Structure formats: structure tokens, C-alpha cells
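A.B. asks: Encoded as C-alpha cells, here's the structure I'll be asking about.
The values are calculated or read from the model by the stated rules, or taken from the named source; none is laboratory data. In this text, all values refer to a predicted model and were calculated from it rather than measured experimentally. Reconstructed Cβ throughout: ideal geometry from the backbone, glycine too, with neighbour counts over all protein chains shown. The protein model used for the area step is the full one, side chains on, heavy atoms only, and it has no ligands, DNA or RNA in it. Shrake-Rupley method; radii C 1.70, N 1.55, O 1.52, S 1.80 Å.
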Amino acid sequence: AVVSTQSTGTKDPWKPVVPTQVEMFDLETTPLEIKTNTEPGNAAGSMIVTFKTANDEESGKVYISYYRTPITYKIDHCSTAGEGSFGDLPEAVGEDNERVWRFTLTRTSGLTLLLHCNDEEMLTFDFETQCGDDVVDDDKALWDKQPVAKIQFSGSDVISEEFRAYTPVSVACQEGSYKSGDMAECQACPAGKEANEDKTDCAACHEGSYKADGMTTCQTCAAGKAPNKDKTECEEEYSGAIPFSVSTAAAAAFIAALLL
């Protein structure tokens, strides 16, 4: 059965966006979050953020355009020039227009830019395969400059309001449940087993204990009882001795018969 989770940890505080100001930001190890409350459409403007190296060399620029709906994007120095330079994004979620955009740069298997909005994936941009065919190599090479150590919001950016480093909030399984490998959600341990200390697997109840359906942890059986083979319930304990008692008269008669 699927079990709800408990969130632990805290997020970094938001910082106000100051257009044209260069901010120290290690995008190589930490995703960037940008918050906006702007309503898309009606020529609202664009979110424009430039990535820079420690030496202030430009290493890429991304546009998120709110000029129309759906919201569109452009990967500068990598998008096809002309009318088709902006691509459509999936419909961005968010109540009252509050949206948090997250930019994640990875180089594990080639350069990739991941874009999320309110934790929903909007775009996975693979520079090796998705850069426009008419983009010259010199432009593409800008994105190879690393590490990205700074960010700068454009003076024309009227969308971005606040930014921060993205810190994922850890999710802990509740008592009696576990989550391992690629499992998307916590699952309740079956009867006869309980979650280990890290809640990454289930282990059989320890000697002398049991766990029935609906219980979260193993419990010790009461005196005179022992767990069954599957450790799902307790049963009357069997000592192995056969109870036997006779009266004094019967014992005497039995002994007399032996002496005859």
C-alpha cells in the first residue's frame, strides 16, 4: 500500500533580483530558482538570465518569454535564428500566476539544461542534439565555457522578482514504510516485517516478535506465546513435553503388576 511521506529540511531564503547586477552563483553544483508573479500574455515581457564564468566570460543565456501564451523559451547561441527562435513550453502550472522556474545544468553525459516550473518538468535541452543546424560552432562554444560561477539578470528583465539556490527538501517515509531504488512513493512493509533504520528496505521481525496487518512495527509476543512461522501473529507456546499425571493408587497398582 502507498504511504504518505513527511518532508524535512528547509529551503534557502529568497533574494531580490537586481537587474544588471552580477551575482555569485555556482550553477555547476546548484540549480537556480527564479520566482515571478507575472501573468503571461499581453506583451508582459521576458525573464532573461545570463550565465558567466568566474572571469566574467559569458557562458550562455536563457530567455523565458511571457509576451504571449503559451510561455516560450529561447536558448541563446543555440536556437535557430529568425521567427522560430522561440519554442513553446508546456502549460506552466501555478496559482495566482505565482511560478518558480528552476534551471539545472548537467554535464554527466554531455551538456544538458533542465527547466522546471513549480517542480514540473518543462524542458530537457540536450545541446549535442538540439542546437540549431544553422548555429555556428563559435556560438555553441560559449556554452562549453565552465564552470558557471555567476549569473546576471538583464536590465530588460521585468519578469524575475526573486531568486535562490535550489535545495531539495528530503522526504522521509512514515513509520512502518520504506522506499528503495527507483520507487516513487513509500510503501508499507508487509505483515511479519518492519522497515530498517534507514527505511530503505523491510526486514523480518526479530526473534520472539510479530507484526500483523495494520501494525507499523514488530511487537514482542505475550508470555506463554510465540510467533508463528511467518511472524504475523502469536500462538500458544508448545514446550515439547507431554503433560502426564496419575493418582497414587494407580501408580501402586501398576508397580504391583510389574512385580508379579
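A.B. asks: Under the rule of at least 5 residues apart or a separate chain, name every residue whose amide H is placed under 5 Å from the amide H of Ser46.
C.D. replies: Tyr66, Val158, Ile159
A.B. asks: Mind listing the long-range amide H neighbours of Lys225? Cut-off is under 5 Å, sequence gap 5 or more, other chains count too, H placed in the peptide plane at 1.01 Å from N.
C.D. replies: Under 5 Å from the amide H of Lys225: Glu237.
A.B. asks: Right, something else. Residue by residue, what Karplus-based ³J(HN,Hα) values in Hz, rounded to whole numbers, does region 60-69 have, using 6.51, -1.76 and 1.60 with θ = phi - 60° and x for Gly and Pro?
C.D. replies: Using θ = phi - 60°, the values come out as x, 8, 10, 10, 10, 9, 9, 4, 9, 10 Hz.
A.B. asks: Let me ask another. So how much accessible area does Ser109 have, in Å² to the nearest 10, using a 1.4 Å probe?
C.D. replies: 100 Å²
A.B. asks: Oh, and also: Using θ = phi - 60° and the Karplus curve 6.51 cos²θ - 1.76 cosθ + 1.60, what whole-Hz ³J(HN,Hα) does each residue of region 143-160 get, with Gly and Pro shown as x?
C.D. replies: With the stated coefficients, region 143-160 comes to 6, 7, 6, 8, x, 6, 10, 9, 10, 8, 8, 5, x, 8, 7, 10, 9, 5 Hz.
A.B. asks: Report ³J(HN,Hα) in whole Hz for each residue of region 120-125, in order, from the Karplus equation J = 6.51 cos²θ - 1.76 cosθ + 1.60 where θ = phi - 60°; Gly and Pro get x.
C.D. replies: 9, 5, 9, 7, 10, 9
A.B. asks: Which FRET efficiency value, to the nearest 0.05, is calculated for Ala212 and Glu57 with the Förster distance at 51 angstrom and r the Cβ-Cβ distance?
C.D. replies: E between Ala212 and Glu57, to the nearest 0.05, is 0.20.
A.B. asks: If amide hydrogens are placed 1.01 Å from N in the peptide plane, which non-local residues have theirs closer than 5 Å to the one on Leu123?
C.D. replies: Excluding prolines and chain starts, which carry no amide H, the hits are Leu115.
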